[in-house]
Every structure is written in C-alpha cells, then in structure tokens.
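The values are calculated or read from the model by the stated rules, or taken from the named source; none is laboratory data. Computed from a prediction, not measured in an experiment: that's the story for all the values here. Note that we place each Cβ from the backbone using ideal geometry, even for glycine, and neighbour counts take in every protein chain shown.
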C-alpha cells in the first residue's frame, strides 16, 4: 500500500527497520497535502519548514540507533486549540488570528518527546463551538467522503485530515462529542478519554468541567498507541488525575468473551436514521457472536442531556472567554475612546455568531435572578444523568449506542437553526456530563456511501475495556480499511 | 420566556458584546427558542438532588512552595497588542 494510507503501527515498523525515513514520510505527507488540501481544507496552518526540520532530527536519531518508540518519525496533525510554542494558534477564531503562544500544551509536548512530527494545525469550529466545522473563521472543512457534506465538529479538520490520509493521526478535543461525532462522520476512530485522564494544560478552554483531549486515528490500535503516549497526570493541570496508566496496546488481544454489553433503549428512538440503527444493531449482534452478553438497559434521563449541557457548557464558556479582552494577547480594535469601548468593539469584531450566541446564553443563565432556574437546575439534572450511568455500570461493562442519529449532513443544512445543530449531539453529550470515556469507530456505510459510527462508552478510567471491545469488533470487520475516494 | 430586544442589549452589556440594531431581533428570537427548549428541565423535580459541578471527587492539590521557572516578562508581553516599559497598556479607564 502507498505510504500515506498506512496505519501508525504499519508505518512504525518501516521506520524502525529504516526501510523509510522520517524525512521521506514527512515529504510524502506534505506532497499529499499540496495535492488535495485545497479540496478538503483540513488545516488552518501547515508547518512545512518546522516539520521538515523535526523530521531531520528524528532521522538523525534513528540512524544513530536511538529509536524512541512507535510514534518516532510519524507525521501527525494537531487541532488548532492546542497551543504550540511560537506557532500560530487560532482556535478557529479571528480574535486569535495572530496569536503565537509562548509555550507548548502538555499533550503536544508529550507527543513531540515521543518523536511525533506535527505537520499542521487542524481546522475547527471557533472555540470548539459547533458540530460541523462551519463555524471556523477560516472557512469550513469538507468531508472527504462527500465534499458537499460537513466532516462533523468541532474537531472536523482533525477527522477529515486523518480520513483523507493528510496525517497519520491527529489530536482533538471533546466537550460534547467533538472527537466522536466527526470521527463517525469521517469513518475513523475517535477516543474521548475519561475526564482527568489527559492533561488540559495548553488546551484552550471552552467548558472546563467537560473538555477532554484525545486521539483521532485510522484504527483502534493507533488510538491506544497515541493514548499510551499522552495519558497520565500533569502537575500543570490540577484536574488531571495521578493514577497509573496501563499499557493500552497490550490488552488488545481480540478476546472479549464474557464482557457484558448494555444497550440503552433511549438511544434507539424515533428520528434516528434507519440505516444508522440497522448498522449499529448489526454491530451489537457481531459482538454477541464474539462472546459478549447483551443486555437492554435504561438511562432514563437521556432526553434531558442536551438541555442540561447547553446551559452548563455556555455558562462555563461565558466565563472562560472573558479573557479575550484585547489587553494581553489577541485582537484589539484600535482607536477606542475608553477601556469599555475597546472591550465591546474588540469582542464584537473578534468573535463569530455562534460564539456570541453561547456567551449570551451563558451570561443570561448565570445572571442575577436566573442562576437557580437555569445553571443550578442544569447541574442538578447533570447529577441525575451521572447516576443513570452509575446504575447501568453495576450491571454491564460497556454501553453500545450510535455515535450520531444520522450520517454527515450537507454543508449549510443546519446553519440557520442553532437548536437543530445542538440536537445532533444528542448521543455524545451524556458521556461528557458524566465524565466517562467513549470511543467512536466505523460500523458501516449508508446507501449513499457515508460512514456510520458505533459508540462504546465505559466506566470512568476504564479506557482499556472500550478499546478492547472496539478492537475486537474492528479486526472482525473491514470498515477501518476503507479510504475515501479522494 | 419572552426575550425582548432590551433583554438582549442588557445581557450583551454584561458580556461586553455589541450587536447591530438589525441583529438584535434575530438574536432575541434565537435565544428565546433555545431557552424555551431548556424549559424541558422543569419537567423534573430536582429539589432533593445535589448539583454536580465537577465529575471527580476532588481535593485541593498541594505542592511544595518552591519557585518553578516560567515565562519571563518579555515572553509574557510578546503577544500584547500594546505595551510600554514592561507593562500592558490600555485606553483610558476613567471616563470623563
């Protein structure tokens, strides 16, 4: 197979045996980006010089016998929400259009130390607010399977880049489904780790009690390889958890006999696309054939998750985004006649419509007289949603659902109706509210050739089991080997 | 919940945002729609449910009180839109 289409595992064997060099691989990926990036627009910035320089260093190490590990010399993408020292980091926003951070995010630092080569910063919905990547100040990303459709969001650039083989893996962030939903729309693997499993240091904040970074990859094994490198506590993030990190790869043995799989009836509702439902049910039958037991479960508060989330996330965002005030970094609109005027004009000009909408919802929900009715109420409902999962996980080990109620929708289809867009996150949001790990993997295609995603949720800090089940499913099907015709 | 143009203006003022007069109506309608959907939460009686602000049981993490190297003031000022003699500068704070 041609170089760009390999998995990390396959590529790393060639690199280790010196059959290809990091420079050669990086050049091949940059050439492919030159060829088709114009159609997909998966990147906000391409780091041509920097990645070539890094690949030369990686090559020198390998030739002198210092092979670091599986990611050594592997070109990856990084969602433009992770800060990188001296590299423009925009978060998809005009307000950070020319921001060059003075330090590296912990995830990026760990990936670089493992020898990975960052070829570019991936496109995204502005401040990760969106489900289609149409809210990027730098223009939308297109789905490699159908260029008229969205790649999902907010990590749509990451998902499209991996799917179109414009990098071997990318890292994204997931606040309400922003890794899993685009992974499903683009036919790849996307893992949201347990809240606290991965450091948020240097990951530009959207909703701090929900945000979590994770890998987007071609296969489940590649996701495990990535997580191995960057999971684990970090003194620079006081919400990261210092518990031992297992070797996620060594448990991928294809053996899943006896694992108890819960199927929540609330996730198979009216309105779900029938081809999606059929593919997911077929996937559940397959894991049953592989020795899992299937049990119907109930998560009774599922229908309240979107309401709860779209109060909590905008409330946290309205507070987090107060920092963009034109003083310390980012855009400042000149010639203001007072400080207040400078704040208002800078923020009015620097933020896009959806970001303003969320800041407004959050400010309203937190304002005097409404705090109890909205914010506190939403947090109480969050407790009920979390309890639903705690009850369910007394009986089952993992939960299987569709990732999204439908396959990728058309560009422009939902931009006029914010609420319609919010409802596309209905199956991914509960996992964030409860802080659980979740993985999306491909499980089929619609009749018009669009990927369908299966979602597997696990107990807190049990990424191991969802990876094991996902991997066993993957090696008994060939969905992850499909590449878009681009 | 009815959201008026004045409500939008008031919340925008709290959030340090500005909207063009033409956009106020559209924004008011969108916010109204979204908040109406949120009313769904009132179907649930939550008077005896504790709120979840954070999913993890957390205690304040402590560390030794030692100085760690971090950004120099030059580095911290690198991205400043305007600076002067090692400080961020802003337009006049006290209005006439």
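Points worth noting:
- Checked against (1) more than 9 Å from chain A (Cβ to nearest Cβ); (2) surrounded by 10 or more Cβ atoms within 10 Å (Cβ to Cβ); (3) modelled with pLDDT of 95 or more, residue B:79 meets all criteria but (1).
- Hey, residue A:432 crowded, with 24+ Cβ neighbours inside 10 Å and either within 14 Å of another protein chain (Cβ to nearest Cβ) or within 25 Å of residue A:161 (Cα to Cα) (or both) or not: yes
- One residue stands out in the range B:1-36 among those that are part of a loop (DSSP other than H, G, I, E, B) and within 8 Å of chain A (Cβ to nearest Cβ): the one that is nearest to the chain's Cα centre (by Cα), namely B:15.
Listed here are the residues, each with its yes/no results for (1) at pLDDT 95 or above; (2) surrounded by fewer than 21 Cβ atoms within 10 Å (Cβ to Cβ); (3) not assigned by TED's automatic domain parsing to the domain that holds residue A:220.
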{"position": "A:246", "(1), (2), (3)": "yes, yes, no"}
{"position": "A:251", "(1), (2), (3)": "no, yes, no"}
{"position": "A:268", "(1), (2), (3)": "no, yes, yes"}
{"position": "A:288", "(1), (2), (3)": "yes, yes, yes"}
{"position": "A:295", "(1), (2), (3)": "yes, yes, yes"}
{"position": "A:298", "(1), (2), (3)": "yes, yes, yes"}
{"position": "A:301", "(1), (2), (3)": "yes, no, yes"}
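- Put simply, of A:202, A:187, A:176 the only residue that is buried (at least 24 other Cβ atoms within 10 Å of the Cβ) and either out of contact with any strand residue (DSSP E or B) (no Cβ under 6 Å at 6 or more places or on another chain) or under 18 Å from residue A:83 (Cβ atoms) (or both) is A:176.
- Filter pass, residue A:146 being in contact with a strand residue (DSSP E or B) (Cβ under 9 Å, 6 or more places away or on another chain) and assigned by TED's automatic domain parsing to the domain that holds residue A:204: yes
- Residue A:446 over 18 Å from residue A:228 (Cα atoms), crowded, with 24+ Cβ neighbours inside 10 Å and more than 14 Å from chain B (Cβ to nearest Cβ): no
- Test: residue A:277 is away from every other protein chain (no Cβ under 14 Å), assigned to a helix (DSSP H, G or I) and surrounded by fewer than 14 Cβ atoms within 10 Å (Cβ to Cβ): no
- Selection from the range B:83-94 of residues that are in a loop (DSSP other than H, G, I, E, B) and either in contact with a strand residue (DSSP E or B) (Cβ under 6 Å, 6 or more places away or on another chain) or more than 7 Å from chain A (Cβ to nearest Cβ) (or both): B:85, B:86, B:89, B:94
- When residues in the range A:460-476 are screened for being in a loop (DSSP other than H, G, I, E, B), more than 14 Å from every other protein chain (Cβ to nearest Cβ) and touching a helix residue (DSSP H, G or I) at 6+ places or on another chain (Cβ under 9 Å), 1 of them pass.
This table checks each residue for (1) out of contact with any helix residue (DSSP H, G or I) (no Cβ under 9 Å at 6 or more places or on another chain); (2) loosely packed, with under 12 Cβ neighbours inside 10 Å; (3) more than 16 Å from residue A:374 (Cα to Cα); (4) at the interface with another protein chain (Cβ under 7 Å from one of its Cβ atoms).
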{"residue": "B:43", "(1), (2), (3), (4)": "no, yes, no, no"}
{"residue": "B:46", "(1), (2), (3), (4)": "no, no, no, yes"}
{"residue": "B:57", "(1), (2), (3), (4)": "yes, yes, yes, no"}
{"residue": "B:66", "(1), (2), (3), (4)": "yes, yes, yes, no"}
{"residue": "B:69", "(1), (2), (3), (4)": "yes, yes, yes, no"}
{"residue": "B:75", "(1), (2), (3), (4)": "yes, no, yes, yes"}
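- Scope the range A:354-369; condition surrounded by fewer than 23 Cβ atoms within 10 Å (Cβ to Cβ) and either more than 9 Å from every other protein chain (Cβ to nearest Cβ) or touching a residue at least 12 places away in the same chain (Cβ under 8 Å) (or both); matching residues: A:354, A:357, A:366, A:368, A:369
- The listed residue being surrounded by fewer than 20 Cβ atoms within 10 Å (Cβ to Cβ), within 7 Å of chain B (Cβ to nearest Cβ) and in contact (Cβ under 8 Å) with a residue 24 or more places away in the chain, out of A:386, A:395, A:410: A:386
- Among residues that are free of Cβ contacts under 8 Å to residues at least 24 places away in the same chain, crowded, with 18+ Cβ neighbours inside 10 Å and facing chain B (nearest Cβ under 9 Å), residue A:336 is included.
- Given (1) exposed (fewer than 11 other Cβ atoms within 10 Å of the Cβ); (2) without any contact (Cβ under 8 Å) to a residue 12 or more places away in the chain, number of the condition residue B:92 does not satisfy: (1)
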